[in-house]
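What follows is one structure encoded as structure tokens, with my remarks underneath.
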Amino acid sequence: MSLLLFVLLALVALVGASGVILSRNAVHSALFLLLNFVVFAVFYIMLGAQLLGVVQVIVYAGAIVVLFLFVVMLIGGDIGPIRSGLRRYGRWAAVVSMAVFLLVMVLGLARSLPPDAPAATAPDAGSVQAVGEVLYTTYLLPFELASLLLLAGMIGGVVLARRYRSHTEE
Amino acid sequence: MVPTTYYLALAAVIFAIGALGVLIRRNALIIFMCVEMMLNSVNLTLIALAHQWGNLIGQVFVFIVVAVAAVEVAVGLAIVMAIVRHKDTTNVDEINLLKG
């Protein structure tokens, strides 16, 4: 039952991922990306990480995809042909190199883990309480540094997106 | 119970699709989306392995990665907007101001 659910969701995730790179319209790409993110949230919950599943929906599906859609709205979604700047065989070179890359990764994975290794966690190991306890005690410093990074990113975004008047007045 | 290897294999496939998108697409927005997809597949790897070995460090790491990804998208999209105002294109082949 769980395996059947995994296979179905994995197919949906693959459709979403392929849709992102094959759509001609940026809005469609953003919506396929949303599909991919939501399926990943379900995977996180299946793996016992409830908090991260919810964070995935709020941050990725809620904030990041909406940000993408805002930018697409501002600059227009029609983006023309898929391969405008590549040389003749560039696309096939990319496909072949990624296929080899995938083969190397899968071979490495197949050797790194036994195929049916049992999972050892309790079902509520990723609850808000458990992750919060670790995050606010052992990993407090990285957590605070992440908040500093968010502040820096916010200031950077405001500065970059500001319209400079001085260029036109000079 | 789904074996952890299946999750890792799916994450590897999604990562490869994202990397392929970065290589074949020329639109800066689509390239950003593919980078987000690659970050997400690595997050799935971390969570699957945290589940496999029964500790929470992987989940804490994913938390930090999500924060970094949010910052990256905010700054990156601001850069895209600035470039569109300056050159009126999102094609990364035409964005060559730093090329000598």
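Run the quick spin-label model on A:Ala110 and B:Trp53: label points 7 Å from Cα toward the beta carbon, then report their separation in nm to one decimal.
2.4 nm
In a solvent-free Debye calculation with one equal scatterer on each Cα, what is log10 I(q)/I(0) for the protein assembly as shown at q = 0.12, 0.16 Å⁻¹, listed in the order of the q values?
Log10 of I(q)/I(0), two decimals: -0.79, -1.27.
Once the Cβ-Cβ distance between A:Gln129 and A:Val159 is put in as r, and R0 is 41 Å, what FRET efficiency do you end up with, to the nearest 0.05?
Working: r = 38 Å, r/R0 = 0.94.
For R0 = 41 Å, the calculated efficiency reads 0.60.
Chain pair A, B: how much accessible area is buried, both chains summed, with a 1.4 Å probe, in Å² to 100? Walk me through the numbers before you get to the answer.
Numbers: alone 13740 and 7210 Å², together 14300 Å².
Summing both chains' loss of accessible area gives about 6600 Å².
I'd like the carbon and sulfur percentage of the solvent accessible area for region B:4-87, probe radius 1.4 Å, heavy atoms only, ligands and nucleic acids excluded.
Working: 2000 of 2550 Å².
Ligands and nucleic acids excluded, carbon and sulfur give 78 percent.
A drop of at least 40 square angstrom in accessible area, chain alone versus all protein chains together, probe 1.4 Å. Which residues of region A:127-142 meet that?
Those are A:Val131, A:Leu135, A:Tyr139, which lose 40 Å² or more relative to the chain on its own.
In percent, what relative contact order does chain B have, based on Cα pairs under 8 Å that are 6 or more apart in sequence?
Numbers: 76 pairs, mean separation 28.0, N = 100.
Relative contact order of chain B: 28 percent.
Considering every pair of different Cα atoms, what Kirkwood radius, in Å, is found for region B:4-87? Walk me through the numbers on the way to the answer.
On the way: mean 1/r = 0.0717 Å⁻¹.
Every distinct Cα pair counted, the radius reaches 14.0 Å.
Along its principal axes, what span do the Cα atoms of region A:6-45 show, with the longest given first and each in whole Å?
Largest to smallest, the principal-axis extents are 31, 15, 9 Å.
Given a 1.4 angstrom probe, what's the average accessible area per residue across region B:4-87, in square angstrom? Spell out each step's value before the answer.
Values: 2550 Å² over 84 residues.
So region B:4-87 comes to 30 Å² accessible per residue, rounded to a whole number.
What does the charge count near A:Leu67 come to, summing +1 for each Lys or Arg and -1 for each Asp or Glu among other residues with Cβ under 13 Å from its Cβ? If you can, show how the numbers build up before the last one.
Working: positive: none; negative: B:Glu36, B:Glu72.
Result for the local shell: -2.
Given a 1.4 Å probe and heavy atoms of the protein chains only, how would you sort B:His86, A:His28, B:His51, largest accessible area at the top? Present the calculation step by step, with values, prior to reporting the outcome.
On the way: B:His86 135, A:His28 95, B:His51 25 Å².
Ranked list, largest accessible area first: B:His86, A:His28, B:His51.
Averaged across the residues of B:76-87, what count of C-beta atoms belonging to other chains lies within 10 Å of each residue's C-beta?
On the way: counts 5, 11, 10, 4, 5, 8, 6, 2, 4, 4, 0, 0.
Per residue, the number of nearby Cβ atoms from other chains is 5 on average.
Can you give the extra length, in nm with one decimal, that the chain gains between A:Tyr89 and A:Val15 once fully stretched, where that is 0.36 nm per residue apart less the Cα-Cα distance?
Details: separation 74, 0.36 × 74 = 26.64 nm, distance 2.52 nm.
Between A:Tyr89 and A:Val15, full extension yields an extra 24.1 nm.
If you count only protein heavy atoms and use a 1.4 Å probe, how large is the accessible surface of A:Tyr89, to the nearest 10 Å²?
150 Å²
The values are calculated or read from the model by the stated rules, or taken from the named source; none is laboratory data. Computed from a prediction, not measured in an experiment: that's the story for all the values here. Positions of Cβ are generated from backbone atoms using ideal geometry, with glycine treated the same way; all protein chains shown enter the neighbour counts. SASA here: full protein model, heavy atoms, side chains in, ligands and nucleic acids out. Shrake-Rupley method; radii C 1.70, N 1.55, O 1.52, S 1.80 Å.
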